[in-house]
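One structure below.
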């Protein structure tokens, strides 16, 4: 049975591992009508029912009107290697997502779902973990009606760009997990994080929740 009112959704980061898996799932879900994906380059094999808007994230405010949706999925992210420096990575992982969240809040979005990282901590000595923690604090401060923050560990799955470091990290973590060590950092498939995001749209009861790795594995 079709729902009485189809939901509208906006996704950023849909060329990445989680965001792409999420977009493909939303496009097939019966509960969604209008689906918008913002990206810096065209999304390969983008579903026909998705409005893919290619833009410069430095000018997000020019597209403020598209943030008028029911739920906003923030899955944007890059690596230090791809960005070229930790400062450039911060622009993508923190600045763009914070600005997008502000636009979503101003547009009346009720539910923000953010893909963060295991170990995110605004006081961390790690620049990456610090920026993730600072982003979590920033979106908390916006007071969405509902906020879901997911903290996955190493994400695995088929990517557009092969990341040797992550492949080696996955192998090492799998080996350690087999020995019962570092289970809290075991790899998780991007598609499973996407499933968890969709589950939370329908099933989260609290106003603001943070889901750590072990909890994400149970959200499907």
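The table below gives the values:
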quantity	calculated
Tally of residues being in contact with a helix residue (DSSP H, G or I) (Cβ under 8 Å, 6 or more places away or on another chain) and within 24 Å of residue 202 (Cβ to Cβ) across the stretch 119-142	2
Matching residues in the stretch 25-37 - criterion: being without any contact (Cβ under 8 Å) to a residue 40 or more places away in the chain and outside any loop (DSSP other than H, G, I, E, B)	27, 28, 32, 33, 34, 35, 36, 37
Verdict on residue 84 being free of Cβ contacts under 8 Å to residues at least 40 places away in the same chain and farther than 28 Å from residue 131 by Cβ	no
Selection from the stretch 47-60 of residues that are in contact (Cβ under 8 Å) with a residue 24 or more places away in the chain and assigned to a loop (DSSP other than H, G, I, E, B)	47
Test: residue 125 is out of contact with any strand residue (DSSP E or B) (no Cβ under 9 Å at 6 or more places or on another chain), at pLDDT 95 or above, over 20 Å from residue 25 (Cβ atoms) and not in a helix (DSSP H, G or I)	yes
Some residue of the stretch 51-60 being surrounded by 15 or more Cβ atoms within 10 Å (Cβ to Cβ), farther than 19 Å from residue 150 by Cβ, touching a helix residue (DSSP H, G or I) at 6+ places or on another chain (Cβ under 7 Å) and at pLDDT below 95	no
Check on residue 155, modelled with pLDDT of 90 or more and either surrounded by fewer than 17 Cβ atoms within 10 Å (Cβ to Cβ) or under 18 Å from the mean Cα position of the chain (by Cα) (or both)	no
Per-region count, the stretch 66-91, residues modelled with pLDDT of 95 or more, assigned to a helix (DSSP H, G or I) and under 22 Å from residue 22 (Cβ atoms)	3
Options 21, 9; residue that is farther than 24 Å from residue 153 by Cα and not in a loop (DSSP other than H, G, I, E, B)	9
Residue tally, condition surrounded by 15 or more Cβ atoms within 10 Å (Cβ to Cβ) and more than 21 Å from residue 208 (Cα to Cα), over the stretch 96-125	2
Residue match in the stretch 40-47 (condition: surrounded by 13 or more Cβ atoms within 10 Å (Cβ to Cβ) and closer than 20 Å to residue 105 by Cα)	no
Of all residues in the stretch 128-147 being touching a strand residue (DSSP E or B) at 6+ places or on another chain (Cβ under 7 Å) and under 22 Å from residue 78 (Cβ atoms), the one that is surrounded by the most Cβ atoms within 10 Å (Cβ to Cβ)	139
Condition met for residue 92 (within 18 Å of the chain's Cα centre (by Cα), touching a residue at least 12 places away in the same chain (Cβ under 8 Å) and under 19 Å from residue 197 (Cα atoms))	no
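Residues checked against (1) within 24 Å of residue 146 (Cβ to Cβ); (2) touching a residue at least 24 places away in the same chain (Cβ under 8 Å):
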site: 41; (1), (2): no, yes
site: 62; (1), (2): no, no
site: 68; (1), (2): yes, yes
site: 101; (1), (2): yes, yes
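The values are calculated or read from the model by the stated rules, or taken from the named source; none is laboratory data. A quick note: this is a predicted structure, and the numbers were derived from the prediction, not measured. Reconstructed Cβ throughout: ideal geometry from the backbone, glycine too, with neighbour counts over all protein chains shown.
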